[in-house]
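The values are calculated or read from the model by the stated rules, or taken from the named source; none is laboratory data. As the structure is a prediction and not an experimental result, all values here were calculated from the model. Cβ sites come from the backbone with ideal geometry, for glycine too, and all protein chains shown count toward neighbours.
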Ligand SMILES: C[S@@+](CC[C@H](N)C(=O)[O-])C[C@H]1O[C@@H](n2cnc3c(N)ncnc32)[C@H](O)[C@@H]1O
């Protein structure tokens, strides 16, 4: 039986699988942060779908970071984030209907957006209500049409909502909602692995 993503990921946090996942995402996330933070002097940052909050804490320690917070819909992920970092800012919320009180300069999201029932609506909402003018959204995706090895994941992981879309569709969402300077590339592409698809744009 398949379950909704946040239920599955709560269980992952409870069984320690979140830590292995974070390790697996490290190379792509470092690449994304390097790109998003270059030339940024002072910035406010949100990790959308932050899991156990490892990227929130990594970014919080960087020079020029004014604020770094995370949002995730899995209760146990947020509990784990707060147990590691009790003074940190971690929101337990559904990304499909949440917005921050204060707009930020960078919204980062690794391996999250295809779990949403309407990814385009989320990207539009980030553009409108999350980002300051000139702010950047950067997303990383391993589950997409051109990455054949990922196609079995909904069955393998028993997850009910996973949108399998081609690269062109993801880029078109960024275009349609109004992002400028859209760039996309793939990190760590190798045999039998099409790489982490990174897409970014500026408001
Ligand atoms: C593959 S994990 C990635 C976690 C983290 N970004 C990382 O790299 O370790 C996907 C995360 O997205 C969260 N998520 C999925 N759907 C969500 C939703 N509708 N609202 C909030 N969080 C959601 C899950 O709870 C999970 O923590």
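For segment 38-50, how many residues are over 19 Å from residue 163 (Cβ atoms) and either near the ligand (Cβ under 8 Å from one of its atoms) or part of a strand (DSSP E or B) (or both)?
Going through segment 38-50 one residue at a time, the tally reaches 6.
Pairs please, first residue from segment 13-26 and within 13 Å of residue 53 (Cβ to Cβ), second anywhere and assigned to a helix (DSSP H, G or I) and modelled with pLDDT of 95 or more, Cβ atoms under 7 Å, 6+ apart in sequence or on different chains.
What qualifies is 13/76; 13/77; 13/80; 18/12; 18/77; 18/80; 21/12; 22/54.
So which residues in segment 91-113 are within 11 Å of the ligand (Cβ to nearest atom), closer than 29 Å to residue 195 by Cα and surrounded by 16 or more Cβ atoms within 10 Å (Cβ to Cβ)?
95, 108, 109, 110, 111, 112, 113
Mind checking which residues of segment 97-113 are outside any loop (DSSP other than H, G, I, E, B) and over 13 Å from the mean Cα position of the chain (by Cα)?
Within segment 97-113, 97, 104, 105 qualify.
Part of a helix (DSSP H, G or I), over 18 Å from residue 10 (Cβ atoms), in contact with a helix residue (DSSP H, G or I) (Cβ under 8 Å, 6 or more places away or on another chain) and within 12 Å of the ligand (Cβ to nearest atom), is that true of residue 55?
Criteria met by residue 55.
Can you go through 196, 200 and tell me which one is surrounded by 14 or more Cβ atoms within 10 Å (Cβ to Cβ), over 25 Å from residue 41 (Cβ atoms), in contact with a strand residue (DSSP E or B) (Cβ under 6 Å, 6 or more places away or on another chain) and touching a residue at least 24 places away in the same chain (Cβ under 8 Å)?
Of 196, 200, the one residue that is surrounded by 14 or more Cβ atoms within 10 Å (Cβ to Cβ), over 25 Å from residue 41 (Cβ atoms), in contact with a strand residue (DSSP E or B) (Cβ under 6 Å, 6 or more places away or on another chain) and touching a residue at least 24 places away in the same chain (Cβ under 8 Å) is 196.
Quick check: is even one residue across segment 114-133 within 22 Å of residue 21 (Cα to Cα), within 13 Å of the ligand (Cβ to nearest atom) and in a strand (DSSP E or B)?
The answer is no; no qualifying residue exists.
Table: residues versus (1) in contact with a strand residue (DSSP E or B) (Cβ under 7 Å, 6 or more places away or on another chain); (2) in a helix (DSSP H, G or I).
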{"position": "1", "(1), (2)": "no, no"}
{"position": "8", "(1), (2)": "yes, yes"}
{"position": "13", "(1), (2)": "no, yes"}
{"position": "19", "(1), (2)": "no, yes"}
{"position": "29", "(1), (2)": "yes, yes"}
{"position": "32", "(1), (2)": "yes, yes"}
{"position": "36", "(1), (2)": "yes, yes"}
